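> First the structure, which I've put down as structure tokens, then a few questions once you've had a look.
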Amino acid sequence: MIDVTIANFEEEVIAASMITPVLIDFWAPWCGPCKSLGPILEKVELAYNGRFKLVKIDSDQEQQLGAAFGIRSIPSCILMVNGQPVDGFQGALPEGKVKEFLDKHLPPADELPPPDDEEQTPEPEDTSPAAVLEKLKAAVANDPSNDNALFDYVRMLLQHGQVAHARAAFAPALPKVALVRKFEALQHWLNAIDSGAAYADLAGAQTGFDEKIATNKRDFDTRYALAQLHMSQQHWVLAMDELLEILMRDKAWNDELARKTFVSILEIIEPPKVKVADGQIPPDDPTVATYRRRLSSVVLS
């Protein structure tokens, strides 16, 4: 079990989940149910013998991380796989339910067959970010028409701050931006990065935006600029909250730009569907599911 803060989140959660699933426990010292769930999670981590990694985030001390995952109550647990949230639960579940939740997503302990006496054990697959990027790059090179591979490749480049490489890889797809929703999403992200790059002092820029919005709640240009600033820093929940504020007041503003950008964020942050048994429905990412519902309630109201 590891305590995670904003300073070590990238290493202990994002990078680590590329190799081993990471279960995040959002808790607080004053939370009674958290105190009963914590020991259960630690016991299960030991029992599962490395099949997943447990980390704990103090939601009082790390409010930015809580907001990024849309945490509204604690305890809340989020399972991360390959850098993306795949499922989660709220409340203090009993040990059996925790194991049932994990077993939906973790490979069984005996999944790999024992090696033959004369055969050498194969090397484990390299799932580091660099290796995943190389695989995606090769997939795009082998089939330039594979829109999904290109989207995943450019998205991962942007996630790791390789903006110049992302622009170069994305350039051949620019004529298809208006036709392919995934590409439109990447273009909105790149536009936000460009917008954020115009401010040398991001904190000062956000303060200025907040002051203008406090004066005029219907200053949609400023709200959208603030949403782009959050997007440029990958603060997706904060960006969607600002876009919802626009949509609640004027759904059609600027040719529905707020709605289109909101949908693009959902496209960017939605993780790949996990494999499940035949007849079962893959679980929805909790943040994506919540904000899809919020968008629908605003647009359809």
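The values are calculated or read from the model by the stated rules, or taken from the named source; none is laboratory data. Note that the coordinates shown come from a computational prediction; the quantities given were computed from them, not determined experimentally. Ideal geometry is used to build each Cβ from the backbone, glycine not excepted, and the neighbour counts take in all protein chains shown. Only protein heavy atoms, including side chains, enter the accessible area calculation; ligands, DNA and RNA are left aside. Shrake-Rupley method; radii C 1.70, N 1.55, O 1.52, S 1.80 Å.
> For region 169-193: of the residues being among the small types (Gly, Ala, Ser) and surrounded by 14 or more Cβ atoms within 10 Å (Cβ to Cβ), which is nearest to Glu267 (Cα to Cα)?
Ranking the qualifying residues of region 169-193, first place goes to Ala185.
> Any idea which of (1) open to solvent by 50 Å² or more (accessible area, probe 1.4 Å); (2) farther than 22 Å from Ile246 by Cα is the one Ala166 doesn't satisfy?
Every condition holds for Ala166 apart from (1).
> Go through region 194-234 and give me each residue that's open to solvent by 70 Å² or more (accessible area, probe 1.4 Å), part of a loop (DSSP other than H, G, I, E, B), under 23 Å from Leu157 (Cα atoms) and not small (Gly, Ala, Ser).
Of everything in region 194-234, just one residue is open to solvent by 70 Å² or more (accessible area, probe 1.4 Å), part of a loop (DSSP other than H, G, I, E, B), under 23 Å from Leu157 (Cα atoms) and not small (Gly, Ala, Ser), namely Tyr199.
> Let me ask you something else. Could you tell me which numbered condition Ile14 fails, if it satisfies all but one of (1) more than 23 Å from Val237 (Cα to Cα); (2) outside any strand (DSSP E or B)?
So the condition that Ile14 fails would be (1).
> What are the residues in region 1-35 that are of a type in the set (A, V, I, L, M) and open to solvent by 70 Å² or more (accessible area, probe 1.4 Å), if any?
Met1, Ile6, Ala7, Ile19
> While we're on this one: Given the conditions (1) within 17 Å of Phe220 (Cβ to Cβ); (2) part of a helix (DSSP H, G or I), and given that Val237 satisfies all but one, which numbered condition is not satisfied?
(1)
> Cβ-Cβ under 6 Å, sequence separation 6+ or interchain: first residue in region 97-118 and more than 15 Å from Met80 (Cβ to Cβ) and of a type outside the set (D, E, K, R), partner open to solvent by 80 Å² or more (accessible area, probe 1.4 Å) and at pLDDT below 90. Which pairs?
Final answer for the pair search is Pro115/Thr121.
> Right, next: Restricting to region 126-147, and then to whatever is within 21 Å of the chain's Cα centre (by Cα) and aliphatic (A, V, I, L, M), can you tell me which residue is surrounded by the fewest Cβ atoms within 10 Å (Cβ to Cβ)?
My answer is Ala130.
> Looking at region 63-105 only, could you name the residues that are farther than 16 Å from Glu42 by Cα, assigned to a helix (DSSP H, G or I) and in contact with a strand residue (DSSP E or B) (Cβ under 7 Å, 6 or more places away or on another chain)?
Across region 63-105, the qualifying residues are Leu65, Gly66.
Yes/no matrix, rows are residues, columns are (1) at pLDDT below 95; (2) of a type in the set (S, T, N, Q):
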| residue | (1), (2) |
| --- | --- |
| Leu202 | yes, no |
| Gln206 | yes, yes |
| Gln228 | no, yes |
| Ile246 | no, no |
| Lys251 | yes, no |
| Pro271 | yes, no |
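> OK, next. Any residue at all in region 148-158 that is surrounded by fewer than 17 Cβ atoms within 10 Å (Cβ to Cβ) and either under 18 Å from Glu10 (Cβ atoms) or without any contact (Cβ under 8 Å) to a residue 12 or more places away in the chain (or both)?
No, the conditions are met nowhere in region 148-158.
> Collect the residues in region 243-252 that are within 28 Å of Pro286 (Cβ to Cβ) and open to solvent by 30 Å² or more (accessible area, probe 1.4 Å), keeping them in residue-number order.
Glu245, Met248, Arg249, Lys251, listed by residue number.
> Moving to a separate point now. Checking the condition open to solvent by less than 50 Å² (accessible area, probe 1.4 Å), charged (D, E, K, R) and more than 29 Å from His230 (Cβ to Cβ), which residue from Glu45, Glu62, Glu100, Glu95 passes?
So the residue among Glu45, Glu62, Glu100, Glu95 that is open to solvent by less than 50 Å² (accessible area, probe 1.4 Å), charged (D, E, K, R) and more than 29 Å from His230 (Cβ to Cβ) is Glu45.
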